[in-house]
Amino acid sequence: MRNILSVGFLFFLISLSTSCSRPERKLDAPTIAVEDLRRAAEMYREKAFPVRRFSHADMIPHIHKRSNLFSQEILGQSIEGRDIFRLDFGQGTKKVMLWSQMHGNESTATMALFDLFNFLEGADDGFEEIRNTLAENLHIRFIPMVNPDGAERFVRRNAWEIDLNRDFLHGTSPEAVILKQARDNFEPRFGFNLHDQNTYYTAKGSRNPATISVLAPAYDEATSINDVRSNAMKVIVGMNEILQKEVPGHVGKYNDAFEPRAFGDNFQKRGTSTILIESGGYPNDPEKQYIRRLNFMIILNALYQIATEGFTDYTVEAYFAIPDNESRLMDLLIKGVALNDSVNYRVDLGIRRREVEVADPLDYYVSGSIADLGDLSVFYGYEEIDESGLVIVPGKTYEQPINFDSFTPDDAVELLRSGYLAATTAESFSGALHNLPIIVLSGKKEIPFGTAIGSPTNFFLQKEDILKFAVINGYLIDLAIPEAIRWKQKVL
Ligand SMILES: [Zn+2]
């Protein structure tokens, strides 16, 4: 930090001596070096949350254990009586409010907030200047997990199936009323609305997932820009600057059509510069732990730039230069594969996977299906196969029942290589979860298979009579070099 500040001071002297006009963007906007943000994220990661699915009960001890640097209050209860907390930090006059998980299954930023709490309680780590700057200038109010009932089921909506982020005007849900009143009572100058988006958005003009998407929501139908909204845009430009160093080309910008029922739009309208952060997808990060780290980094930097007023050095133009979000990704894209009706024809096949909750919603299995087919040349895949001559063929079922205790992933791969796509087991295992790279059928059942849109994706890809790949529940297995995939399946 000392280095950055002294470089900034040097630039200040140079700009005094060389120019009288104000540059487009001053290069001395106080910022935290990316390496420092990375180091802080690593040091202060809250290890109690290693995956996206955790409950309100899992979270409570980590609120209660906070030091006296935080003041705490229960703002109210959800429909099912779960407490919604606020934690305040800092003695400054600039008020900032951050809230997460209005949608119960969007927990990435909640994890990052607990990392941030750990950071704010840290000491003797070289980050004192940052921490002091925040504490002296800001009064930060955190509201983690606004929708605890949704989090319990790991679904978007609350216990009455109301989307909290469309309930600002009616205020039917107690959780929406709590959040609305929290803003009205506190009147923050800045607000951070923390969400997750699906993993299929790209940054327009590229094949990159929009790992983080941003928006300074509109406050009217005309999508006008006043000081309140432009300040949100400038803070976003500062976040984007960090992200472009860390994950170049992985940032998208949401459409700013006014949504009269949403919180961001209404908070903006009421004078709180509101910033939407949406955590998207990143290759090989199904639990979004890298994306959580990005959240930590950009939120910490944004708070620092609000504390120092550094954000005022950015321009609205730079906000509009961030590429738009575009939905162009598939989990698996198979190009030019042969299907057969009475004739052979070739199509691109786009496959997407979804997580399906089981009785315990903190557990789930994965189900893949055909999302689109035809000319998918404008789409990209997290995984892609582009190999001429591939033909889809259904798999066989290995009829001799397997013993779950002794059957290994290697055994499963051996069966796949012999043309078996499914193994069988006793009826009593129906519905059990497993992580074998093969379909497991209980009793006499057929392998779910089809080539229409929406069909389950369980088949082999064959080339010149040789089985090359297996696709099971939308996951790809290269039969020549099968990798261990940590997936979750259900015994059918
Ligand atoms: Zn959301």
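One line per residue, one yes/no per condition, for (1) part of a strand (DSSP E or B); (2) closer than 30 Å to residue 344 by Cα; (3) in contact with a strand residue (DSSP E or B) (Cβ under 8 Å, 6 or more places away or on another chain):
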{"position": "397", "(1), (2), (3)": "yes, yes, yes"}
{"position": "431", "(1), (2), (3)": "no, no, yes"}
{"position": "482", "(1), (2), (3)": "no, yes, no"}
{"position": "492", "(1), (2), (3)": "no, no, yes"}
Seminar exercise, completed: Filter the range 86-102 for residues that are over 19 Å from residue 277 (Cα atoms) and not in a loop (DSSP other than H, G, I, E, B); the one that is farthest from the ligand (Cβ to nearest atom) is 94
Exercise. Considering only the range 263-318, how many residues are part of a helix (DSSP H, G or I) and away from the ligand (no atom under 16 Å from the Cβ)?
Worked result: 25
Seminar exercise, completed: Contact list, first residue from the range 408-431 and surrounded by 13 or more Cβ atoms within 10 Å (Cβ to Cβ), second anywhere and among the acidic types (Asp, Glu), beta-carbon distance below 7 Å, six or more apart or interchain, is 424/399
Exercise. Does residue 242 satisfy the criteria of being more than 16 Å from the ligand (Cβ to nearest atom) and either modelled with pLDDT under 95 or part of a helix (DSSP H, G or I) (or both)?
Worked result: yes
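Just to check your reading of the model, which residue among 135, 151 is within 16 Å of the ligand (Cβ to nearest atom) and in a helix (DSSP H, G or I)? Reasoning before the result, please.
Working: 135 fails: within 16 Å of the ligand (Cβ to nearest atom).
Among 135, 151, only 151 is within 16 Å of the ligand (Cβ to nearest atom) and in a helix (DSSP H, G or I).
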Problem set entry | Failed condition for residue 169, given (1) away from the ligand (no atom under 16 Å from the Cβ); (2) in a loop (DSSP other than H, G, I, E, B); (3) crowded, with 24+ Cβ neighbours inside 10 Å | (3)
Exercise. Any idea how many residues of the range 373-406 are charged (D, E, K, R), more than 21 Å from residue 439 (Cα to Cα) and over 23 Å from the mean Cα position of the chain (by Cα)?
Worked result: 3
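Does residue 273 satisfy being of a type in the set (Ser, Thr, Tyr), within 26 Å of residue 93 (Cα to Cα) and surrounded by 23 or more Cβ atoms within 10 Å (Cβ to Cβ)?
On the way: of a type in the set (Ser, Thr, Tyr): yes; within 26 Å of residue 93 (Cα to Cα): yes; surrounded by 23 or more Cβ atoms within 10 Å (Cβ to Cβ): yes.
Judged against the criteria, residue 273 is a match.
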Problem set entry | Enumeration of residues in the range 154-166 that are within 15 Å of the ligand (Cβ to nearest atom), surrounded by fewer than 22 Cβ atoms within 10 Å (Cβ to Cβ), touching a residue at least 40 places away in the same chain (Cβ under 8 Å) and part of a loop (DSSP other than H, G, I, E, B) | 154, 155, 156, 157, 163
For this session: Return yes or no: is residue 186 surrounded by fewer than 23 Cβ atoms within 10 Å (Cβ to Cβ), modelled with pLDDT of 95 or more and within 24 Å of residue 233 (Cβ to Cβ)?
Result: yes
Problem set entry | Residue tally, condition surrounded by 16 or more Cβ atoms within 10 Å (Cβ to Cβ) and in a helix (DSSP H, G or I), over the range 62-75 | 2
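Of the residues that sit in the range 189-210 and are under 20 Å from residue 321 (Cβ atoms) and within 16 Å of the ligand (Cβ to nearest atom), which one is surrounded by the fewest Cβ atoms within 10 Å (Cβ to Cβ)? Break it down into steps so the answer makes sense when it comes.
Of the range 189-210, the ones under 20 Å from residue 321 (Cβ atoms) are 201-210.
After this cut, where a residue has to be within 16 Å of the ligand (Cβ to nearest atom) as well, the list is 201, 210.
Numbers: 201: 23, 210: 33.
Among them, the one singled out is 201.
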Problem set entry | Residue in the range 129-140 that is of a type in the set (Ser, Thr, Tyr) and under 15 Å from residue 104 (Cα atoms) present | no
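Among the residues of the range 211-239, write down those that are more than 27 Å from residue 353 (Cα to Cα) and within 16 Å of the ligand (Cβ to nearest atom).
Taking the range 211-239 as the starting set, the residues that turn out to be more than 27 Å from residue 353 (Cα to Cα) are 216-239.
Passing the criteria: only 217.
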For this session: Please give the number of the condition residue 248 fails out of (1) within 16 Å of the ligand (Cβ to nearest atom); (2) at pLDDT 95 or above.
Result: (1)
Exercise. Only one of these conditions is not met by residue 66: (1) under 19 Å from the mean Cα position of the chain (by Cα); (2) away from the ligand (no atom under 16 Å from the Cβ); (3) not polar (S, T, N, Q). Which number is it?
Worked result: (1)
For this session: Determine if the range 350-373 includes at least one residue that is in a helix (DSSP H, G or I) and touching a Pro at 6+ places or on another chain (Cβ under 7 Å).
Result: no
Exercise. Identify, please: which residue in the range 374-390 is in contact with a Leu (Cβ under 9 Å, 6 or more places away or on another chain) and outside any strand (DSSP E or B) and is, among those, nearest to residue 468 (Cα to Cα)?
Worked result: 390
For this session: Among the residues of the range 319-352, count how many are among the basic types (Lys, Arg), over 20 Å from residue 471 (Cβ atoms) and surrounded by fewer than 17 Cβ atoms within 10 Å (Cβ to Cβ).
Result: 0
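Inside the range 34-61, can you point out the residues that are assigned to a helix (DSSP H, G or I), under 27 Å from residue 84 (Cα atoms) and in contact with a helix residue (DSSP H, G or I) (Cβ under 7 Å, 6 or more places away or on another chain)?
Going residue by residue through the range 34-61, those that are assigned to a helix (DSSP H, G or I) are 34-44, 56-61.
This time we only want the ones that are under 27 Å from residue 84 (Cα atoms), so: 41, 44, 56-61.
Matches in the range 34-61: 41, 44, 56.
Going by the conditions given, is residue 258 out of contact with any strand residue (DSSP E or B) (no Cβ under 8 Å at 6 or more places or on another chain) and either outside any helix (DSSP H, G or I) or within 16 Å of the ligand (Cβ to nearest atom) (or both)?
Details: out of contact with any strand residue (DSSP E or B) (no Cβ under 8 Å at 6 or more places or on another chain): yes; either outside any helix (DSSP H, G or I) or within 16 Å of the ligand (Cβ to nearest atom) (or both): yes.
For residue 258, the condition - out of contact with any strand residue (DSSP E or B) (no Cβ under 8 Å at 6 or more places or on another chain) and either outside any helix (DSSP H, G or I) or within 16 Å of the ligand (Cβ to nearest atom) (or both) - is met.
So which of 112, 123, 57 ends up being within 16 Å of the ligand (Cβ to nearest atom) and either touching an Asp or Glu at 6+ places or on another chain (Cβ under 6 Å) or assigned by TED's automatic domain parsing to the domain that holds residue 162 (or both)? First the steps, then the outcome.
Working: 123 fails: within 16 Å of the ligand (Cβ to nearest atom); 57 fails: within 16 Å of the ligand (Cβ to nearest atom).
Only one candidate qualifies: 112.
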Exercise. Would the range 298-318 turn up any residue that is surrounded by 22 or more Cβ atoms within 10 Å (Cβ to Cβ) and more than 20 Å from residue 94 (Cα to Cα)?
Worked result: no
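The values are calculated or read from the model by the stated rules, or taken from the named source; none is laboratory data. Bear in mind that the values here come from a model prediction, so they are computed numbers and not experimental data. Cβ coordinates were reconstructed from backbone atoms using ideal geometry, including for glycine residues, and neighbour counts include every protein chain displayed.
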